[in-house]
Amino acid sequence: MITRQLLQPQSIVVVGASNDISKPGGKVLKNIIDGNFQGRLYVVNPKEDEIQGVKSYRNVADLPKTDLAVIAIAARYTPDTVAVLAQQKETKAFIILSAGFSEESEEGRLLEQQIVHTINEAGGSLIGPNCVGILTPTHHSIFTHPIPKLDPKGCDFISGSGATACFIMEAGIPKGLRFANVFSVGNSAQMGVEEILEHMDLHYDPIRDSNIKLLYIEHIAKPQKLLKHASSLIRKGCRIAAVKAGSSDAGSRAASSHTGAMASPDTAVDALFKKAGIVRCYGREDLIAVASVFAHPELKGENIAIITHAGGPAVMLTDALSDGGLQVPPITGEAAETLKDQLFPGSSVANPIDFLATGTAEQLGLIIDTVTDQFDHIDAMVVIFGTPGLSPIFDVYEVLDEKMQHSKKPIYPVLPSVLTAASEIESFIAKGRVIFPDEVILAQALTRVYHTPKPADDEPDQIEIHYQDIRNSIEKAENGYLSPNKVQQLLDAAGINRVTEAVVHTREEALKSAEKTGFPLVMKVVGPVHKSDVGGVVLNVKDKETLIKEFERMMQIPDTTAILLQPMLSGMELFAGLSREGDFGHVLMSGMGGVVIEILNDVSKALVPVSSKEANNMIKNLKSFKLLQGYRGQKGIHLPAFADVILRLSALAQAAPEIAELDLNPLLANEQTLVAVDARIRIEK
C-alpha cells in the first residue's frame, strides 16, 4: 500500500544524514533541499548538531512526529530505528537506501523481514531497502544523479535497479525524454514494481497523470497483479514499455515434451506482456526509443512517408521499416508532380521524398503540408534532417516544431547531427520535443509499438466442456504421465476431437484391434517420451505380417509398456500444447507440428485464459500462416477447428491446473476437420 506520506509528505527525516555529499546520506539530503521540498525537514546524526544548514538530532527518539523517513545507516541498526519511527513518531512511509539485507545474506534477509513486519503493523509504506530512492514533484528523496526536471506529462518510471534507472535517465534526457515520477524499488521487500503500478492504476487521472509508464524488471513476483493493472492502465489510455532482465536459462531444463522443450523462463514473460499490451524492450536504448515513440501521437496505420535531405539514412530507414512490417508506399499523381516542381531540380517525391542537401526550411514545411493534406494513403511521416555544419539550421527545426504542433499525422524527427547541430537540437528539445538520433533504432521501436496488440479481453469466451469429468479424472490420477486411456478421457471431456486408438500388450490383442480398425495403421510405443527418437513410431503398416514383426521389435525398446494402434490418416501436421509456468499459470503454445516443431520454432504463445480473438491471432501470427490458408494450389486447413482446439486447451487448463505439460503433436488437419493423433499429458499436483 502506498500511503499519502510517501508521495505527499509534510515532513521528512533523513536518518544518517551527512555534510559529506559523496555519501548517500549527504547526497540525498542535498537533493531534497535542492528539490525545494516545502515541508519540514529533519536530520539525524549522533555526531552533528547541524548538517547542510538543517538542525541535527542525535537520536531518532528526540525527533518530532514525521511523515517520511529516508534511512541511510548500516543494516544492523535499521530495524530498531524503524521501530522507533513507526511506533513512536507515527511515521507512515520509509525509504531505506542502505544495502546489506536479503540481497547479501540470510542474516540480512531476517533483518529485512523484521522491518517489513514493523512497517506493516503500523500501516506504512516501504521503498527498498537497497535502493537509490524516489523522485516525485513533492520531494527528491534520491541520492544519485541525474535529476531531471520533472514534467507531469513525462514518463512514470519504475525500476528494480537503481543504477539502471540512472543509466536510462542518462540516455533519455539528452533526447528530450521527460520524467514525471521515478521509483527505485530495490529489494522490493514490501512493494515492488507490481504494487507501484497498481497504485498508478487505482488512482489514475487522465488529466493530471502521465500516460507513459516505463518498467525495468528483474523479477516478476506477482505476474497476475502486473497483468491486471498494466492491462487496466493501457485500456485507460496509457502506454507501457518494459525491460525484463534475467530471463535466460543458465541451467539445463529437463524438457520432457515438445512443450517443455520450448518453454523457458522467458516464455511466460512474453505471453504476459503480449496479453497485457506491454511493449517488450531488451535494453536501455531500446526502452528509451520506445518511450520516445510513445511521446509522439499514436501511429494509426502502416504507411510511412520518409522526408529527407540525405539518401543513405532514408535507404536504411526504408529497409528497417519494411523488415518490421511497415510500408513505405510509392507517392505518385498530380499532387506529387506539383510538389516536385516546387523543389530544387534533382529532388524526388516518389517516397522517400528526398529534397537534397540544399533543401530549405521553407521546402520542408511545404512537403509536410502536402503529405498531410494531399496524400491520404500516408499515415505518418519521418523527417530526417542533419547538417554538415556549413550554416545554422535553427530555422529548419523551428518549422519542424511548428508543423508537428498542427499536423493531423504523426511526425517523427530523426536529427542525427547531435554534435554539429547541438545548439539547434537543444533549442528544439527545449520546445518540448523528443528526438531520434538514429533512424534504424526509430524504425525498430516504431514497428514493435505498432505491432504490439491491445490488452486481451477481460472476459474470455466460455467454452463448453465436461468440467466434472475432467475433475474426476484429475483427482484419480497420480503425478507423472497419464496412461493413453486417461489421456483419452481428458481429451473427450474437453471436447477435443481425437483419432480412434487402441492400446495393446500382446500380439493377439494387436491382431484383434487391427481387424476392428482396418489397415493401414500407425504403431507407436507407450512409455518413451520422444517416440521417434527411439524408433518407436511406424507408419503405414499394411498387413498382419508387418504388424506382428513391428510389434515384437517395438516391445523390446527400453521403457516400452504397450503399443498404441491408430488408423493411418493424412493431413497437415500441427501442434498445440500447455506448459505450467509457476505463478504465471499456463502458457498455451501452437504452431506447425510433427518432428520439425523444435527446428522451425514457429510457435505462438498466449497466457491462459485465451479468448477467441487471441486464439485467432495466435494462428495469424505464425510465420507459416500462409501455408495454413492454402498456398500455390495446396489446400489450406480448417482454421476455425484449429482455433477451437486452442480454446478448448485453455478451458482444460483452467479446469485442471494440475496439468504441468500437455502435448497434442501432431494434430492432423485438412480443409474439413482437425484431429489429435498423439497426445501426452503430465500431472504435477
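The values are calculated or read from the model by the stated rules, or taken from the named source; none is laboratory data. Predicted model, so just to flag it, every value in this text is computed and none were measured. So basically every Cβ, Gly included, is an ideal-geometry build from the backbone, and we count neighbours across all protein chains shown.
For the stretch 413-477, list the helices (runs of 4 or more DSSP H) that sit wholly inside it and hold at least 3 residues that are within 23 Å of K403 (Cα to Cα) and touching a strand residue (DSSP E or B) at 6+ places or on another chain (Cβ under 9 Å); which are they?
Where helices (runs of 4 or more DSSP H) fall fully within the stretch 413-477 and carry at least 3 residues being within 23 Å of K403 (Cα to Cα) and touching a strand residue (DSSP E or B) at 6+ places or on another chain (Cβ under 9 Å), they are 439-451.
In the stretch 280-290, what residues are crowded, with 23+ Cβ neighbours inside 10 Å and more than 21 Å from K409 (Cβ to Cβ)?
Of all residues in the stretch 280-290, those crowded, with 23+ Cβ neighbours inside 10 Å come to 281, 287-290.
Across the stretch 280-290, the qualifying residues are C281, L287, I288.
Within the stretch 324-342, track down each residue that is of a type in the set (S, T, Y) and farther than 17 Å from Q363 by Cα.
Residues of the stretch 324-342 that are of a type in the set (S, T, Y), as a first pass: 332, 338.
Listed by number, the list holds a single entry, T332.
Among the residues of the stretch 368-412, which ones are free of Cβ contacts under 8 Å to residues at least 40 places away in the same chain, farther than 21 Å from V293 by Cα and in a loop (DSSP other than H, G, I, E, B)?
Selection gives D376, T387, P388, G389, L390, S391, P392, I393.
Could you tell me which numbered condition G585 fails, if it satisfies all but one of (1) at pLDDT below 90; (2) at positive phi?
(1)
For the stretch 31-51, enumerate the residues that are farther than 18 Å from Q5 by Cα, buried (at least 18 other Cβ atoms within 10 Å of the Cβ) and not β-branched (V, I, T).
Result: N31, N45.
Need the failing condition index for A17 against (1) within 38 Å of the chain's Cα centre (by Cα); (2) in contact (Cβ under 8 Å) with a residue 24 or more places away in the chain; (3) more than 29 Å from H199 (Cα to Cα), just the number.
(1)
For the stretch 23-39, check the following and say yes or no: at least one residue is more than 30 Å from M200 (Cα to Cα) and out of contact with any Ser or Thr (no Cβ under 8 Å at 6 or more places or on another chain).
yes
Counting only residues that are over 30 Å from P640 (Cα atoms) and surrounded by 16 or more Cβ atoms within 10 Å (Cβ to Cβ), which one in the stretch 481-513 is nearest to the chain's Cα centre (by Cα)? Please lay out each step first, then the result.
Looking only at the stretch 481-513, we keep the residues that are over 30 Å from P640 (Cα atoms), and these are 503-513.
Cutting the leftovers down to surrounded by 16 or more Cβ atoms within 10 Å (Cβ to Cβ) gives us 503-504, 509-510, 513.
Values: V503: 44, V504: 47, E509: 52, A510: 51, S513: 50 Å.
Selected residue: V503.
Would you be able to tell me the number of residues in the stretch 506-559 that are farther than 19 Å from P484 by Cα, modelled with pLDDT under 90 and of a type outside the set (G, A, S)?
2
Return yes when V675 is outside the structural domain of V537 (by TED's automatic domain parsing), surrounded by fewer than 23 Cβ atoms within 10 Å (Cβ to Cβ) and touching a residue at least 60 places away in the same chain (Cβ under 8 Å) and no when it is not.
Values: outside the structural domain of V537 (by TED's automatic domain parsing): yes; surrounded by fewer than 23 Cβ atoms within 10 Å (Cβ to Cβ): yes; touching a residue at least 60 places away in the same chain (Cβ under 8 Å): yes.
Considered against the rule, which asks whether it is outside the structural domain of V537 (by TED's automatic domain parsing), surrounded by fewer than 23 Cβ atoms within 10 Å (Cβ to Cβ) and touching a residue at least 60 places away in the same chain (Cβ under 8 Å), V675 comes out as yes.
Being more than 20 Å from the chain's Cα centre (by Cα), surrounded by fewer than 22 Cβ atoms within 10 Å (Cβ to Cβ) and not in a helix (DSSP H, G or I): is that true of P206 here?
Spelling it out, P206 is indeed more than 20 Å from the chain's Cα centre (by Cα), surrounded by fewer than 22 Cβ atoms within 10 Å (Cβ to Cβ) and not in a helix (DSSP H, G or I).
Would you confirm whether any residue within the stretch 235-245 is at pLDDT 95 or above, within 20 Å of I168 (Cβ to Cβ), in contact with a helix residue (DSSP H, G or I) (Cβ under 9 Å, 6 or more places away or on another chain) and part of a helix (DSSP H, G or I)?
Checking the stretch 235-245: not a single residue is at pLDDT 95 or above, within 20 Å of I168 (Cβ to Cβ), in contact with a helix residue (DSSP H, G or I) (Cβ under 9 Å, 6 or more places away or on another chain) and part of a helix (DSSP H, G or I).
Could you list all residues from the stretch 341-389 that are under 38 Å from the mean Cα position of the chain (by Cα) and among the aromatic types (F, W, Y)?
F375, F385 - these are the residues of the stretch 341-389 that are under 38 Å from the mean Cα position of the chain (by Cα) and among the aromatic types (F, W, Y).
Within the stretch 16-24, is even one residue under 17 Å from H145 (Cβ atoms), surrounded by fewer than 19 Cβ atoms within 10 Å (Cβ to Cβ) and among the basic types (K, R)?
The answer is yes; a qualifying residue exists.
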